[in-house]
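S.K.: Quick one: structure below, then a few questions.
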Amino acid sequence: MNLEKYFCFIIVLQSKLNGSLCKFVCMMQPFYHIGRYLLLLQKTFTLTEKLKVYLEAILIEVVAMGIGSVMIVFIISLFIGAVGTVQTAYQISSGFYPKTVIGNVVSASALLEMAPTITCLILAGKVGSNITSEIGTMRVTEQIDALEVMGVNSASYLIFPKIIGALIAVPILVTFAAFLMHVGGILAGVLTDIVSYAQFTEGVRTYTQPFFVTFMLIKAVSFSFIISSISAYEGYFVRGGAIEVGKASTAAVVRSCTTIIIVNYLLAKFLL
Amino acid sequence: MSILIKGICKSFGEQKVLQDIDFEFADSSVNMIIGASGSGKTVLAKCIVGLLKPDKGEIYYDGVDFLKLNEKELRLLRRKIGMLFQSSALFDSKTVGENVAFPLEMFTKMSKNEIKDRVAFCLERVNLPGTESKYPSELSGGMKKRVGIARAIALNPKYLFCDEPNSGLDPKTAEVIDHLIEDITDEFKTTTIVISHDIKSVLTIGDKILFISKGRKEWEGTRQEIPSANNATLQDFIKTSGVNLQVIRY
Ligand SMILES: Nc1ncnc2c1ncn2[C@@H]1O[C@H](COP(=O)(O)OP(=O)(O)OP(=O)(O)O)[C@@H](O)[C@H]1O
Ligand SMILES: [Mg+2]
């Protein structure tokens, strides 16, 4: 509660001041958002309702996010895998490297980078903006107020199932994407006679380590939390009307993508 | 069961919306907040239920200091509050039936059948039987209002807030809603707070009346005291509505 007062204080200060002092307070703005975000997370994970309510909602979210995104993940992953094969083949066309390198490169880049990062960036646009506009619309039409007045913890009721749903659905989608990238790579190689199926899989078998998969899943879990929680935050604190909800959706996508890229670097730096 | 407010002040930036409002909302009676559009009625109600934080003042629910409750105590108290919003605030992804059933599913151990019966009963009382499977977007404004009332009364609240329950309703349905509010208040001894522009309903069901003008308390009293009220703003407000004072029920 005290923390909350402190952050409100910053905002009030900002509205009262002008000139260079105001600039200083503006610099505090990120801290205000981070603080409010953490407070919202605390409220989200304070479960106050019957377990059944959450379980049902989580199931609905998993289905909506998962099924709703299968098609786009399917198409994108196949082509990313195919491009991987074509480009690696081009790089090694001097004949100095064995063809098995193609399988190695496609597999390693899919597991370590392409499947988790690209898929999550796409999902930030698709799932994230969806979450923001849904929660944001509920905010501006007073539906969240209605929940609060009834005595429902609106943050946990609305946001918790979305975060858990994303934590379940996104890693599954990412795994699916990684699989499809291999398929895409093989298809592109075999159909255009760049590399044979045997050469490709030999490359995968010799160089790909089990840790790659673990790393992919760690990334997927981290990114899905980032997407769902940041988008929910943006929606939960919307003020105004339809235009503001639209702006918040855009902000949610931009902020979660930026955060994903930064966290992506940090994970690579510290885990590899 | 009563709600006591003392010295409530609320500003948005420079604009002082509420200034020093004192009132006691009595139990087992219909308390009405009246006043011109933009006078701060909705803001006052939102302050009382804690959706807005008053800048100054105290709020007591049956002696309990509302502004000092922690999150958990606040939630428990709020389960006894039913509220109809001016914008209805129905959950638009749920059907009418699910909207009314929502508080029952969240807070009671009723079985599916009991909930279904209760929902049908509440919808019946607001004159909307058989609309369970419709979505809020398929309803008219007045119908949304009535579904909002049905949702607010589903749990038999101890404190019932209605923000303009009969705006947008025809006179006949408005009367039904007025009687419904009065019946519920008598039956369950609720502390009912109704915000209204409708002078006719003020004169027929208002037990205690708070008249606000430009964010200040201008007058308070019972409906029977209105004709003899010594307040020019109130008399003007009543007169322009064109409602005959003879409709007052004694
Ligand atoms: N969230 C807000 N931010 C800024 N100003 C607000 C806010 N809510 C209300 N106001 C201002 O407070 C004043 C009172 O608003 P309120 O909604 O209480 O009026 P009202 O008495 O309910 O009117 P009506 O009968 O038309 O519903 C208005 O001038 C409005 O501009
Ligand atoms: Mg109002």
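S.K.: Using all alpha carbons of segment B:64-164, what is the percent of pairwise distances in each 5 Å bin, ordered from the shortest bin to the longest?
M.R.: 2, 14, 24, 23, 18, 10, 6, 3, 0
S.K.: With the other protein chains left in place, how much accessible area per residue, in square angstrom, belongs to segment B:90-155 at a 1.4 angstrom probe?
M.R.: 46
S.K.: Report, ordered by chain and residue number, the aspartates and glutamates lying within cross-link reach of B:K189, taken as a straight Cα distance under 19 Å and ignoring same-chain residues fewer than 8 apart.
M.R.: Reachable aspartates and glutamates: B:E24, B:D27, B:D62, B:D178, B:D207.
S.K.: Also, I was wondering about something else. Taking H as built 1.01 Å from N, whose amide H comes closer than 5 Å to the amide H of B:V194, not counting residues under 5 places away?
M.R.: For B:V194, the qualifying residues are B:N31, B:M32, B:I33, B:C162.
S.K.: Would you mind checking which residues have amide H under 5 Å from B:S2's amide H? H placed 1.01 Å from N; only 5 or more apart, or other chain.
M.R.: The list, which skips near neighbours in sequence, is B:D62.
S.K.: Would you calculate the volume per residue, in Å³, of the smallest convex hull containing every Cα atom of the protein assembly as shown?
M.R.: Given the Cα convex hull of the protein assembly as shown, per-residue volume reads 183 Å³.
S.K.: Would you mind finding the longest exposed-site-free stretch of chain B, with exposed trypsin sites (Lys or Arg not before Pro) meaning DSSP loop and at most 16 other Cβ atoms within 10 Å? Display every interim value, and only then the final one.
M.R.: Values: sites that count: B:K94, B:K109, B:K134, B:K189, B:K214, B:R249.
Result, exposed sites excluded: B:1-93.
S.K.: In addition: Of all GluC sites (Glu not before Pro) in segment B:1-85, which ones are in loop regions per DSSP and have a Cβ with at most 10 other Cβ atoms within 10 Å?
M.R.: Numbers: sites: B:E14, B:E24, B:E58, B:E71, B:E73; in loops: B:E14.
For GluC sites (Glu not before Pro) across segment B:1-85 that sit outside H, G, I, E and B with at most 10 neighbouring Cβ atoms in 10 Å, the list reads B:E14.
S.K.: Over all Cα pairs of chain B, how is the pair count split among 5 Å bins, expressed in % and running from 0 up to the last occupied bin?
M.R.: Bin by bin from 0 Å, the calculated values are 1, 6, 14, 18, 19, 17, 13, 8, 4, 1, 0.
S.K.: Right, here's the next one. If R0 is 60 Å, what FRET efficiency do you get for A:I72 and B:D236 from their C-beta distance, rounded to 0.05?
M.R.: Values: r = 63 Å, r/R0 = 1.05.
Rounded to the nearest 0.05, the efficiency is 0.45.
S.K.: Between A:A64 and A:I34, what is 0.36 nm times their sequence separation minus the Cα-Cα distance? Round to one decimal in nm.
M.R.: Taking A:A64 through A:I34 to full extension adds about 8.0 nm, to one decimal.
S.K.: Relative contact order (percent) for segment A:50-271, with alpha-carbon contacts under 8 angstrom and 6 or more residues of separation?
M.R.: Computed over segment A:50-271, the figure is 37 percent.
S.K.: Further, regarding this structure: May I ask you to list the aspartates and glutamates whose Cα is less than 19 Å away from that of B:K16, ignoring any residue fewer than eight positions away on the same chain?
M.R.: Within the straight-line limit of under 19 Å, B:K16 reaches these aspartates and glutamates: B:D55, B:E58, B:E218.
S.K.: A further question on this structure: May I ask you to rank A:I218, A:I60 by accessible area, largest first, using a 1.4 Å probe over the protein chains only?
M.R.: Sorted descending by solvent-accessible area, the residues read A:I60, A:I218.
S.K.: Mind jotting down the distance between the C-alpha centroids of segment B:89-127 and segment B:215-231, whole Å?
M.R.: Their Cα centres are 38 Å away from one another.
S.K.: Could you tell me whether segment A:23-82 comes out rounded, prolate or oblate from its Cα gyration tensor? Rule is a ≥ b ≥ c as square roots of the eigenvalues, rounded for a/c under 1.5, then prolate if a/b exceeds b/c, otherwise oblate.
M.R.: Here segment A:23-82 falls in the oblate category.
S.K.: For the interface of chains B and A, what total accessible area is buried with a 1.4 Å probe, rounded to the nearest 100 Å²? All intermediate terms of the calculation are to be shown ahead of the outcome.
M.R.: Working: alone 12150 and 14520 Å², together 24780 Å².
Roughly 1900 Å².
S.K.: Between B:D55 and A:L266, what FRET efficiency comes out of the Förster formula 1/(1 + (r/R0)^6) with R0 = 35 Å and r the beta carbon distance, rounded to 0.05?
M.R.: Efficiency, from the Cβ-Cβ distance: 0.25.
S.K.: For labels at A:F179 and A:L47 in the simple 7 Å Cα→Cβ model, what's the distance in nm?
M.R.: 2.9
S.K.: How long are the three semi-axes of the equivalent ellipsoid of segment A:50-271, in whole Å, if each is the root of 5 times an eigenvalue of the C-alpha gyration tensor, listed from largest down?
M.R.: They are 40, 16, 14 Å, listed from largest to smallest.
S.K.: Continuing with the same structure: Where a Cα-Cα gap under 19 Å defines reach, which aspartates and glutamates qualify for B:K109, not counting those fewer than 8 residues away within the same chain?
M.R.: Within the straight-line cut-off, B:K109 pairs with A:E49, A:E56, B:E98, B:D117.
S.K.: Still on this model: Please report Rg (one decimal) and Dmax (integer) in Å for the Cα set of segment A:119-199.
M.R.: Reported Rg and Dmax, both Å: 20.6, 66.
S.K.: Still on this model: Can you classify segment A:59-152 as rounded, prolate or oblate using the Cα gyration tensor, where a ≥ b ≥ c are the square roots of its eigenvalues, rounded means a/c under 1.5, and otherwise it's prolate if a/b beats b/c and oblate if not? Provide the component values of the computation, followed by the final result.
M.R.: Numbers: a/c = 4.46, a/b = 4.21, b/c = 1.06.
It comes out prolate by the Cα gyration axes.
S.K.: Which pairs in the list B:K6/B:K214; A:K247/B:K56; B:K68/B:K217; A:K162/A:K247; B:K56/B:K217 are over 23 Å apart, alpha-carbon to alpha-carbon? Please list the in-between numbers first.
M.R.: On the way: B:K6/B:K214 18 Å; A:K247/B:K56 34 Å; B:K68/B:K217 25 Å; A:K162/A:K247 21 Å; B:K56/B:K217 15 Å.
Over 23 Å apart, Cα to Cα: A:K247/B:K56; B:K68/B:K217.
S.K.: Calculated FRET efficiency, B:L4 and B:R249, Cβ-Cβ r, R0 25 Å, to nearest 0.05?
M.R.: E(calc), rounded to 0.05, equals 0.40.
S.K.: Next question, about the same structure. At each listed q (0.19, 0.23 Å⁻¹), what is the log10 of I(q)/I(0) that the Debye formula gives for segment B:1-106 modelled as equal alpha-carbon point scatterers?
M.R.: The computed values of log10 I(q)/I(0) come out as -1.11, -1.36.
S.K.: How many angstrom lie between the Cα centre of segment A:182-245 and the Cα centre of segment B:40-75?
M.R.: If you average the Cα positions of each part, the centres end up 48 Å apart.
S.K.: Let me check against my output: what whole-number percent is the relative contact order of segment B:90-155, with C-alpha pairs under 8 Å and at least 6 apart?
M.R.: Once normalised by length, the contact order is 50 percent.
S.K.: May I ask you to work out the translational diffusion coefficient for segment B:106-250 at 4 °C, viscosity 1.567 mPa s, via Stokes-Einstein with Rh from the Kirkwood sum over Cα pairs, reported in whole µm²/s?
M.R.: Value of D from the Cα-based Kirkwood radius: 77 µm²/s.
The values are calculated or read from the model by the stated rules, or taken from the named source; none is laboratory data. A quick note: this is a predicted structure, and the numbers were derived from the prediction, not measured. Virtual Cβ from ideal backbone geometry, glycine too; neighbours counted across all protein chains shown. Areas reflect the complete protein model, heavy atoms only, side chains present, ligands, DNA and RNA absent. Shrake-Rupley method; radii C 1.70, N 1.55, O 1.52, S 1.80 Å.
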